[in-house]
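Q: Shown below is the structure under consideration.
The values are calculated or read from the model by the stated rules, or taken from the named source; none is laboratory data. Worth saying up front: this structure is predicted, and the values here are computed from it rather than measured. Quick reminder, even Gly has a Cβ in these numbers, built from the backbone with ideal geometry, and neighbours come from all protein chains shown.
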């Protein structure tokens, strides 16, 4: 993995305009540690938002022995540091090490309150050969009272009918979406069935009185037995005037939408019909909405059953009608997310590689002249990215979930994509206006990590490493430094050349009467 040179960056910009640039590798840099686990974390489509106080709020699910926990962690400095994760909701279940709660989705209402929804499995229905049963209910989590409260099954209108075999009626919800508009919360998700007779898009709303309406079907498709995943993905998005619900029917190949204007849902609008042959097993894998700032955009990934021809859809509503821009992707698409900045939509998609045993992520952009070519994203060697999460308008950091093959651990970290995605600017030639000590990266690390710092004026600088008992471990810098940007590497060893033990350490910078400390984690 490597940093892109200025020449490559320049060529990247030129080729975006021409829509013909070559594939490269982008690094997620300055990783800041959030959480780690031997089990996979669950992350929803929109679990990251920035609240009215400019605090980044990130929600995720972690599995315990008999419970799943929805955690919240916050950052007040653009993801450089994160608070200790706080449990905001707990879902108990009877089976060890099985996720019953799925990834959360969050929104913020007009009064600044945060609302979170997540699907979960109710009483399990065990079917031979299926030990990872899908979610059947929805929890709504809110902090309006000052404390986090969970309201169970207040949105879903379907539940498990407890019988086995092809005669069972088992409806479930997945990929939920939630938004807030005009003191109302709106929820939409596909409600599709295993061994069921119908599939429909569920829509509910929560009024100013705090009560959710009973879930209603925006559209219903009657099907026979053993029709799985008829409507695989759906989302809900808003602009200044309207609310839109979108869904994809994998049997007809139709992508449709309804418009909610002044509280009333209109007729179905067919955005397009796929030209693919309908073989009964091709899927659309996910939708991700981007709204606000006058934009109303939706991304959707689609995979064919043969895994050899896929599409990425960029959908946009100009206030009158929907348009669809489509690009063929050579990868096996699985999940998409994006943020919009300076009239460019920065897109991330998950894909399979190495015979579908591993996941990775790629990045591309969409402007008014089409798509750029994809570029591979990396957080380092032997680290496979499973999820990337973004705030809608890049008002927060990137969140990365990756599996470290060397440590056999899952990690959640925040970071920044290299200059390709965030704008071309060589800050090293500009004198900083303030003192700054950056979060070390990588973090956690083994065996080396890098610490960057900035000085607005020349002076004596000391940077020292301490353990949690306050004992000095290593002096990294003790000398005069000129104004500008600097970095120093720590190899994880103490003053005597002995490797420091795994754990949390403090690194502290002092210069010209200025002092700041940060935490780092080393794993051996």
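Q: Of (1) modelled with pLDDT of 90 or more; (2) under 21 Å from residue 359 (Cα atoms); (3) surrounded by 21 or more Cβ atoms within 10 Å (Cβ to Cβ), residue 44 satisfies all except one. Which?
A: Among (1) modelled with pLDDT of 90 or more; (2) under 21 Å from residue 359 (Cα atoms); (3) surrounded by 21 or more Cβ atoms within 10 Å (Cβ to Cβ), the lone unmet condition for residue 44 is (1).
Q: Please specify each residue of the range 273-289 satisfying the condition of being more than 28 Å from residue 103 (Cβ to Cβ), modelled with pLDDT of 60 or more and surrounded by 12 or more Cβ atoms within 10 Å (Cβ to Cβ).
A: 273
Q: Here's a follow-up. Given the conditions (1) at pLDDT below 85; (2) over 30 Å from residue 286 (Cα atoms), and given that residue 395 satisfies all but one, which numbered condition is not satisfied?
A: So residue 395 meets the others, but not (2).
Q: Can you confirm whether the range 245-263 contains a residue that is exposed (fewer than 14 other Cβ atoms within 10 Å of the Cβ), touching a strand residue (DSSP E or B) at 6+ places or on another chain (Cβ under 9 Å) and modelled with pLDDT of 85 or more?
A: Yes; the residues of the range 245-263 include at least one that is exposed (fewer than 14 other Cβ atoms within 10 Å of the Cβ), touching a strand residue (DSSP E or B) at 6+ places or on another chain (Cβ under 9 Å) and modelled with pLDDT of 85 or more.
Q: Check every one of the strands (runs of 3 or more DSSP E) wholly within the range 182-233 and list those with 2 or more residues that are within 24 Å of residue 302 (Cα to Cα) and either in contact with a helix residue (DSSP H, G or I) (Cβ under 6 Å, 6 or more places away or on another chain) or at pLDDT below 70 (or both).
A: 184-194
Q: Look at residue 418 and say whether it is modelled with pLDDT of 90 or more and surrounded by 16 or more Cβ atoms within 10 Å (Cβ to Cβ).
A: Criteria not met by residue 418.
Q: Sort out which residues of the range 471-508 are over 19 Å from residue 33 (Cα atoms) and in contact (Cβ under 8 Å) with a residue 60 or more places away in the chain, and write them in order of number.
A: Within the range 471-508, none qualify.
Q: When you go through 387, 342, 382, 334 one by one, which is the residue that is buried (at least 23 other Cβ atoms within 10 Å of the Cβ) and either modelled with pLDDT of 85 or more or closer than 30 Å to residue 82 by Cα (or both)?
A: 387
Q: Of all residues in the range 361-377, which are within 21 Å of the chain's Cα centre (by Cα) and surrounded by fewer than 19 Cβ atoms within 10 Å (Cβ to Cβ)?
A: 376
Q: Where residues in the range 345-354 are closer than 17 Å to residue 403 by Cα and either touching a helix residue (DSSP H, G or I) at 6+ places or on another chain (Cβ under 8 Å) or modelled with pLDDT under 80 (or both), which of them is surrounded by the most Cβ atoms within 10 Å (Cβ to Cβ)?
A: So the residue we want is 353.
Q: Would you check which residues across the range 147-181 are more than 20 Å from residue 105 (Cβ to Cβ) and either modelled with pLDDT under 80 or in contact with a helix residue (DSSP H, G or I) (Cβ under 7 Å, 6 or more places away or on another chain) (or both) and list them?
A: 159, 160, 161, 162, 163, 164, 165, 166, 167, 168, 169, 170 - these are the residues of the range 147-181 that are more than 20 Å from residue 105 (Cβ to Cβ) and either modelled with pLDDT under 80 or in contact with a helix residue (DSSP H, G or I) (Cβ under 7 Å, 6 or more places away or on another chain) (or both).
Q: Please go through (1) modelled with pLDDT under 85; (2) surrounded by 17 or more Cβ atoms within 10 Å (Cβ to Cβ) for residue 33 and return the number of the only condition it doesn't satisfy.
A: (1)
Q: Moving on. Going through the range 457-511 one residue at a time, which ones are in a strand (DSSP E or B), closer than 22 Å to residue 521 by Cβ, at pLDDT below 90 and over 37 Å from the mean Cα position of the chain (by Cα)?
A: none
Q: Taking the residues in the range 509-518 that are in contact with a strand residue (DSSP E or B) (Cβ under 8 Å, 6 or more places away or on another chain) and surrounded by 15 or more Cβ atoms within 10 Å (Cβ to Cβ) as candidates, determine which candidate is nearest to residue 33 (Cα to Cα).
A: 518
Q: Which of the residues that make up the range 512-524 are more than 18 Å from residue 450 (Cα to Cα) and part of a strand (DSSP E or B)?
A: Hits for the range 512-524 are 514, 515.
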